[in-house]
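Worksheet: the structure to be examined is printed underneath.
The values are calculated or read from the model by the stated rules, or taken from the named source; none is laboratory data. Worth saying up front: this structure is predicted, and the values here are computed from it rather than measured. Reconstructed Cβ throughout: ideal geometry from the backbone, glycine too, with neighbour counts over all protein chains shown. Only protein heavy atoms, including side chains, enter the accessible area calculation; ligands, DNA and RNA are left aside. Shrake-Rupley method; radii C 1.70, N 1.55, O 1.52, S 1.80 Å.
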Amino acid sequence: MAGDGIMSGGGVVSERRSCVKRRERKLVVVGVVLHALYMLSIFDIYFKTPIVHGMDPVEPRFSSAPAKRLVLLVADGLRADKFFEPDSEGHFRAPFLRNIIKTKGRWGVSHARPPTESRPGHVSIIAGFYEDPSAVTKGWKANPVEFDSVFNRSRHTFAFGSPDIIPIFCSAVPHSTWNTYPHEFEDFASDASFLDQWSFDQFHSLLNRSNSDTKLRELIQQDKLVIFLHLLGCDTNGHAHRPFSSIYLNNVKVVDSIAEKVHNLMEGYFQDNQTAYIFTADHGMSDKGSHGDGHPTNTDTPLVAWGAGVQNPKRLFHNNHPADDGLRFVDEHKHDMLTPSDWGLMDVERMDVNQADISPLMATLIGLPCPVNSVGNLPLGYIDLSKADEVEAALANTKQILNQFLRKSYMKQSNSMIFKPFKALANYSLNLDQIEDLISRKDFDSAMKLSQILRSLSLDGLHYFQTYDWFLLMTTVTIGYIGWMLYLILHIMQFYTSFSMNLPRKKMHAPIECSTMKVHVGGFLLMGILSTILYLENSPPLYHAYVGMTVFLWTQIFSEMHILKELWRYWARKKLQLISKFFSTCIVSLLVLEFLVASFSERKLYTWCFLTSGVGGTCYIIFSFPRRTTIAGYILMTCWFLSGFTMMPAEIPDNTPLVVASGIVVILIGMAVRWFESTIKGDKYWSCIAQCDQPISRSTKLFILQVFLVGLSAMMVWLSTSHRALNKELLTLHQLINWFLAGLSMVLPLYSQTSLLSRLSSVFLGFSPPFLLLSIGYEALFYCALGLVLLGWIMIECLVLYLTKVKEFPTIISDEDEFLINHDERYLELSDLRVPLIFMVLFNVAFFGTGNFASIASFEISSVYRFITVFSPYLMSALLIFKLFIPFMLVICVFSAITKLIKIPRLGCYFIVIIFSDVMTIHFFFLVRNTGSWMEIGNSISHFGIMSAQVVFVLLLFALTNIYTKDIRTRSAQSLSRKAI
């Protein structure tokens with residue numbers, strides 16, 4: 001690894017290099033562990049598991065259940081607007097359910113919570129709480145923590161549908177009968193509505209078998225029965241064809257017809273009018289065919305209820321729109337939202353719910369206790385009960401939530417040395433007695449009001465204990481991040497700046513002194529005391545890890561007190577002008593980082609950034625190099641070209657001709673760079689990046705081969721897409737060719753010439769085929785624009801290098817600039833901060849140039865359809881992440897080449913990048929939200945996660961790109977300086 005020693009005599013150099021290598025290996029390990037650990041902290045702080053055990057279920061105290069059995073139909077991925085709105089001809093897509101809404105049932109919009117994925121949505125519907133965050137570690141494929149559900153409480157459950165959903169809820173329930181279709185059925189290249197029909201056929205077959213199977217018939221005739229049909233068609237078709245496609249919209253008609261068939265089948269089979277029906281969806285679908293975030297297209301899903309125990313529709317007139325009842329969703333939306341006029345339902349009362357409210361609704365309809373972990377509020381507007389039974393149902397719901405609060409309060413109190421109770425519920429037993437007294441006096445309205453107040457306070461109490469440890473954890477993590485950054489700064493100052501020349505050698509290599517030993521002993525004792533306190537409070541193991549990491553970092557900092565003292569003396573001797581330059585540089589750096597933080601919420605800021613940068617870079621070149629107006633014009637045009645992409649919609653529209661045209665643009669850029677390189681031989685400005693007197697015959701053949709592969713990839717984009725659109729399948733031959741092109745093209749740059757320009761242009765051409773094959777629209781052209789801007793960055797650094805050597809600019813950190821770390825690297829100077837800062841800007845624009853990477857739902861699954869169409873989550877995810885990483889790899893390759901060009905240590909620059917990233921990470925840490933709109937919650941988690949992970953994947957990408965950049969050669973700074981002078 002470059003930059004691992006400081007120039008000195010023989011054995012000292014070897015000792016120093018060995019010391020730095022050991023220290024940096026330790027830094028990398030500590031950095032990866034710290035960021036992984038602190039990333040987990042947001043789950044303990046903001047999204048701690050809501051599940052507690054040990055509560056008894058609360059049986060509803062009404063005479064008889066409103067219904068004997070319940071049918072739950074979940075249309076996976078069905079958007080509310082596509083369900084309720086008419087088609088282009090004015091016909092509604094769900095005529096049966098629409099008739100139910102108007103004649104015999106209740107309806108509304110169910111608001112889901114991010115992550116809007118299938119498992120979390122079904123957990124909310126069936127179990128009544130929002131997904132346990134620990135399920136993320138299992139890919140939402142298994143139950144890492146056992147929880148209660150309506151299925152558990154039922155007498156028997158029949159379930160049919162997807163192999164990704166049904167086993168989660170039924171495999172551990174002994175009183176269940178279920179079946180799923182094979183994973184191979186989930187093919188994105190076909191119309192998936194047959195999956196919905198499969199679920200219905202299975203249920204139909206079950207009822208038919210019961211006619212000849214006495215035991216099965218007795219089982220079906222029981223009360224408290226749940227029938228669950230999972231209908232995956234809309235989700236699969238939405239991913240493959242988008243929610244505006246005819247296939248998706250036709251699938252809405254399919255699920256409506258299945259609802260009608262199920263209704264008719266059940267009523268004809270039982271003939272007792274004792275069946276309740278719930279039709280809903282787990283999540284919606286964005287316009288580009290994805291889901292996961294908190295956008296209304298993902299969170300708004302339809303809800304229709306009818307049958308036994310469900311109220312009939314209530315008519316509305318223009319002058320009796322329901323008043324604001326004061327209730328709010330957890331995303332701060334009113335229950336009373338205006339209904340779009342084109343839905344044609346303005347005259348029927350709409351009852352919106354939170355998704356978790358569906359669970360207590362289902363439980364109450366068939367007389368079951370609510371799942372013990374449910375946080376849903378029973379939507380009384382759906383249930384047809386007497387006033388007395390209505391109050392009893394609401395009270396049972398309240399007691400069930402109160403029991404969770406009491407359990408959490410008991411657990412926290414028994415484990416806390418200093419316990420702070422939730423004062424609002426200190427007299428909860430008196431409130432319960434008062435409610436019971438009002439019920440006995442038949443004052444049902446007052447009892448209902450008090451019950452709702454008690455339920456609201458119980459939910460507040462649950463939130464209180466969910467956030468009980470916030471202050472401790474946030475303080476610990478923040479101090480840890482600050483300690484990590486100071487530790488990195490000390491390392492950079494000691495080994496990558498001229499400050500090390502001011503350190504007495506005896507202090508740098510002396511054994512640990514008595515004071516240092518005291519610091520380590522003190523840190524060990526402090527950790528022991530804190531761990532003992534945490535142990536006595538039965539804190540989770542991760543709490544010990546957070547505190548331990550923070551204490552460890554600050555112990556390391558204070559153990560180098562002699563370095564801190566020398567640093568203070570070093571800066572005290574500096575002139576005021578140099579100190580002011582240092583602080584002004586830090587302020588500018590912070591402003592740039594705050595700009596990057598803001599860009600995560602408003603990516604259009606990059607448009608203004610590159611418009612301004614284009615003008616600024618042009619003015620700088622014209623002023624410093626009056627004869628280089630062509631380069632000035634190039635900088636202006638390329639920056640302005642790139643500025644347009646962050647104005648484009650994050651939801652990338654399909655545009656295959658643009659992807660093909662981008663392949664042609666890639667070829668033209670490659671040819672232009674090769675022509676430029678052939679014309680700059682001997683030019684004093686560009687000699688450091690031109691060909692290093694190597695034979696060009698093999699280089700020409702390699703260039704022709706790479707151009708051919710890019711052209712063939714563009715042709716395969718057209719062929720694969722056209723054939724799949726016409727024949728609804730991906731040819732195996734096309735698939736094999738695409739895999740071969742992607743793999744071969746990335747190997748070829750390793751055989752290119754080692755001059756900076758030759759190698760980087762070959763890397764640009766080498767990454768192009770896989771990126772083109774994974775592109776669906778304008779992101780392919782963005783790749784071209786990014787490559788042009790990166791070339792402009794190289795040109796500017798060449799000019800700055802030439803200007804610096806000719807004019808012999810003094811260094812800022814030291815008055816001497818002849819000191820080198822080793823033969824091909826020099827010390828970092830304050831002016832070198834521009835390199836990691838520019839890298840940060842370009843690295844982050846690579847996030848947003850291909851869409852909105854900071855949103856969970858930005859992974860465009862149709863990007864992988866030229867490689868695979870059969871559902872395979874791990875392979876598809878790997879391809880999507882690889883596509884998103886290609887622009888990052890290009891930026892890092894150029895960054896590494898520039899560090900070689902201007903002779904600065906790449907690893908030192910990497911550490912500066914990590915410091916900059918962690919400044920942003922701390923900012924995002926305090927911006928993480930668990931209240932507000934679901935979009936804000938989802939995006940805040942994504943932003944923090946991206947910045948926390950950056951230390952890991954930047955390091956990984958550095959290692960990968962080093963394969964391409966380690967052989968790059970540039971003219972030495974010394975020879976360049978002699979030639980220039």
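May I ask you to list the residues in region 511-538 that are free of Cβ contacts under 8 Å to residues at least 40 places away in the same chain and open to solvent by less than 60 Å² (accessible area, probe 1.4 Å)?
Once the filter is applied, which keeps residues that are free of Cβ contacts under 8 Å to residues at least 40 places away in the same chain and open to solvent by less than 60 Å² (accessible area, probe 1.4 Å), region 511-538 yields GLY522, GLY523, MET527, GLY528, LEU530, SER531, LEU534.
Answer with yes or no whether SER110 is open to solvent by less than 10 Å² (accessible area, probe 1.4 Å), in a helix (DSSP H, G or I) and either under 30 Å from HIS239 (Cα atoms) or of a type in the set (Ser, Thr, Tyr) (or both).
So SER110 does not fit the description; no.
Please go through (1) buried (at least 22 other Cβ atoms within 10 Å of the Cβ); (2) not in a helix (DSSP H, G or I) for ILE100 and return the number of the only condition it doesn't satisfy.
(2)
When you scan region 386-397, do you find a residue that is open to solvent by less than 10 Å² (accessible area, probe 1.4 Å) and within 36 Å of the chain's Cα centre (by Cα), even just one?
yes
Yes or no: region 722-743 includes at least one residue that is within 17 Å of SER662 (Cα to Cα), more than 32 Å from the chain's Cα centre (by Cα), assigned to a helix (DSSP H, G or I) and touching a residue at least 12 places away in the same chain (Cβ under 8 Å).
No, there is no match, as no residue in region 722-743 is within 17 Å of SER662 (Cα to Cα), more than 32 Å from the chain's Cα centre (by Cα), assigned to a helix (DSSP H, G or I) and touching a residue at least 12 places away in the same chain (Cβ under 8 Å).
When you scan region 581-594, do you find a residue that is farther than 24 Å from ILE914 by Cα and in contact (Cβ under 8 Å) with a residue 24 or more places away in the chain, even just one?
no
Does any residue of region 560-569 turn out to be assigned to a helix (DSSP H, G or I) and closer than 25 Å to LEU837 by Cα?
Within region 560-569, one or more residues are assigned to a helix (DSSP H, G or I) and closer than 25 Å to LEU837 by Cα.
What pairs come out if I take residues in region 307-324 that are assigned to a strand (DSSP E or B) and pair them with residues that are of a type in the set (Gly, Ala, Ser) and modelled with pLDDT of 80 or more whose C-beta lies under 8 Å away, six or more apart or interchain?
GLY307/ALA67; GLY307/GLY105; GLY307/ALA276; VAL310/GLY105; VAL310/ALA276
Looking at region 415-426 only, could you name the residues that are touching a residue at least 60 places away in the same chain (Cβ under 8 Å) and open to solvent by 70 Å² or more (accessible area, probe 1.4 Å)?
MET417
State which residue is farthest from GLU349 (Cα to Cα) when the search covers only region 88-97 and only residues that are surrounded by fewer than 23 Cβ atoms within 10 Å (Cβ to Cβ) and in contact (Cβ under 8 Å) with a residue 40 or more places away in the chain.
Going through the qualifying residues, I end up with ARG93.
Restricting attention to region 702-721, report how many residues are more than 21 Å from PHE764 (Cα to Cα), in contact (Cβ under 8 Å) with a residue 40 or more places away in the chain and not β-branched (Val, Ile, Thr).
Within region 702-721, residues that are more than 21 Å from PHE764 (Cα to Cα), in contact (Cβ under 8 Å) with a residue 40 or more places away in the chain and not β-branched (Val, Ile, Thr) number 2.
Tell me, which residue of region 578-615 that is assigned to a helix (DSSP H, G or I) and among the charged types (D, E, K, R) is farthest from the chain's Cα centre (by Cα)?
So, considering only residues that are assigned to a helix (DSSP H, G or I) and among the charged types (D, E, K, R), the one farthest from the chain's Cα centre (by Cα) is LYS581.
Give PRO749, PRO769 a once-over and let me know the one that is open to solvent by less than 20 Å² (accessible area, probe 1.4 Å), in contact (Cβ under 8 Å) with a residue 40 or more places away in the chain and under 30 Å from ASP191 (Cα atoms).
PRO769
Within region 728-746, which residues are open to solvent by less than 50 Å² (accessible area, probe 1.4 Å) and polar (S, T, N, Q)?
ASN738, SER745
Search region 443-461 for residues being more than 14 Å from LEU380 (Cβ to Cβ) and aliphatic (A, V, I, L, M), and hand back the single one that is surrounded by the fewest Cβ atoms within 10 Å (Cβ to Cβ).
Among those that are more than 14 Å from LEU380 (Cβ to Cβ) and aliphatic (A, V, I, L, M), it is ILE453.
Restricting to region 358-385, what's the tally of residues that are out of contact with any helix residue (DSSP H, G or I) (no Cβ under 9 Å at 6 or more places or on another chain) and either free of Cβ contacts under 8 Å to residues at least 40 places away in the same chain or surrounded by 24 or more Cβ atoms within 10 Å (Cβ to Cβ) (or both)?
Adding up the residues that qualify gives 0.
Quick one: count up the residues across region 944-965 that are of a type in the set (A, V, I, L, M), under 15 Å from PRO887 (Cβ atoms) and open to solvent by less than 10 Å² (accessible area, probe 1.4 Å).
The number of residues fulfilling the criteria is 2.
Under the condition of being assigned to a helix (DSSP H, G or I) and in contact with a Lys or Arg (Cβ under 7 Å, 6 or more places away or on another chain), which residue from region 464-488 is modelled with the highest pLDDT?
PHE465
Those residues that are open to solvent by 20 Å² or more (accessible area, probe 1.4 Å) and in a loop (DSSP other than H, G, I, E, B), I need them from region 625-649; list them, please.
PRO626, ARG627, ARG628, GLY644, MET648, PRO649
Filter region 46-64 for residues that are aliphatic (A, V, I, L, M) and at pLDDT 85 or above and give the result.
MET55, VAL58 - these are the residues of region 46-64 that are aliphatic (A, V, I, L, M) and at pLDDT 85 or above.
Going by the conditions given, is HIS491 modelled with pLDDT of 85 or more and not acidic (Asp, Glu)?
It is true that HIS491 is modelled with pLDDT of 85 or more and not acidic (Asp, Glu).
For region 134-165, what are the residues that are under 24 Å from TYR181 (Cβ atoms) and modelled with pLDDT under 80?
If the condition is that a residue be under 24 Å from TYR181 (Cβ atoms) and modelled with pLDDT under 80, then ALA135, LYS138, GLY139, TRP140, LYS141, ALA142, ASN143 are the ones that fit.
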